[in-house]
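Some notes on the structure that comes next.
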Amino acid sequence: MLVQNPRELIRFAYEQHFAMPAFNVCNMEMAKAVIEAAVIEKAPVIVQTYPGDLAHAAFGTDVGPLPVLIKAMAQEAPVPVIMHLDHGPGLEFNLRCLRAGYNSVMYDGHDLSVEDALVETALIARAAHALNASVEGELGTFGGGQGSFEFTRVEDVPLMFEQGQVDMLAVSVGSEHGHASRLDLDLLKAIAGKANGPLVLHGGSGIHEDDARAALKLGVAKINIGNALSVAWCTGSRDALDGGCDHYGVLKTAMDKVRAVAQHRLRLFGAAGRAA
């Protein structure tokens, strides 16, 4: 089911010390495999899209048909599904996604000063909360598509919750988009001590599993998984093509790989069984 109050579910994960994997998907098949994994594991799940994924399927300036497909699958699923926008640029884009049915959005203001990012984030939070949607803010950067890598400053953390009015906060403590990483757990602990709510880790595909488990005890309630799904999809497609499969066989093999990765992460982050 598409979660009616995602803010409550995120807070529940935070209070119960588990994290929901937030899986970046770029097509209907990946989204379906992720939701199937959540059903198998009896887990709540976050299905998220990056703006580039939406642009790939869209005509013109609209967000396109991908959100329609994901929302339809989420509504039919027997487990809770949050539909999240990852790295949404600017107020207008976030509002378009909220109108398209997203019940959670992330504002990416990494190129702004902290002061300006707080103002923009608060505007988006006001609109999202009026629709009962959740908002993720960001402090620090995570490399990859963002270019730079910058750790979160502990002293800025309370401001994003109090002035930015976020429901969860993405923090940079060592994880990096598309790369293997170890977390600075001392920094994460210091941030958790100043945070008034759930924390988010980006670049989750490469986080060492021991660090991921430790992060669950330090207020992390959402961990983004993108690269691992992309690799699984491409590996499955390549294996099927090499094996002489037709297009149905290619889609099935790729989905099987994605589903297996999603099931592992749901178990690793403690989300399995939480929808039972």
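A residue that is buried (at least 18 other Cβ atoms within 10 Å of the Cβ), among the hydroxyl-bearing types (Ser, Thr, Tyr) and part of a helix (DSSP H, G or I) can be found somewhere in the stretch 182-205.
Residues in the stretch 240-260 that are β-branched (Val, Ile, Thr) and either without any contact (Cβ under 8 Å) to a residue 40 or more places away in the chain or farther than 19 Å from GLU29 by Cβ (or both): VAL250, THR253. A single member of GLU8, GLU15, GLU41 is in contact (Cβ under 8 Å) with a residue 40 or more places away in the chain and of a type outside the set (Val, Ile, Thr), and it is GLU41.
Within the stretch 217-256, restricting attention to residues that are charged (D, E, K, R) and surrounded by fewer than 23 Cβ atoms within 10 Å (Cβ to Cβ), the residue that is nearest to PHE12 (Cα to Cα) is LYS217. Taking the stretch 44-72 as the range and being open to solvent by 40 Å² or more (accessible area, probe 1.4 Å), over 15 Å from GLU136 (Cβ atoms) and not small (Gly, Ala, Ser) as the test, the residues that pass are HIS56, PHE59, THR61, ASP62, PRO65, VAL68, LEU69, LYS71. Just a yes or no: is a residue in the stretch 32-43 surrounded by fewer than 19 Cβ atoms within 10 Å (Cβ to Cβ), over 18 Å from the mean Cα position of the chain (by Cα), among the basic types (Lys, Arg) and under 30 Å from GLY236 (Cα atoms)? Checked against the condition, which is being surrounded by fewer than 19 Cβ atoms within 10 Å (Cβ to Cβ), over 18 Å from the mean Cα position of the chain (by Cα), among the basic types (Lys, Arg) and under 30 Å from GLY236 (Cα atoms), the stretch 32-43 yields at least one hit.
The values are calculated or read from the model by the stated rules, or taken from the named source; none is laboratory data. Predicted model, so just to flag it, every value in this text is computed and none were measured. Backbone-built Cβ (ideal geometry, glycine too); neighbour counts: all protein chains shown. Side chains are part of the model used for accessible areas, which takes the heavy atoms of the whole protein and leaves out ligands, DNA and RNA. Shrake-Rupley method; radii C 1.70, N 1.55, O 1.52, S 1.80 Å.
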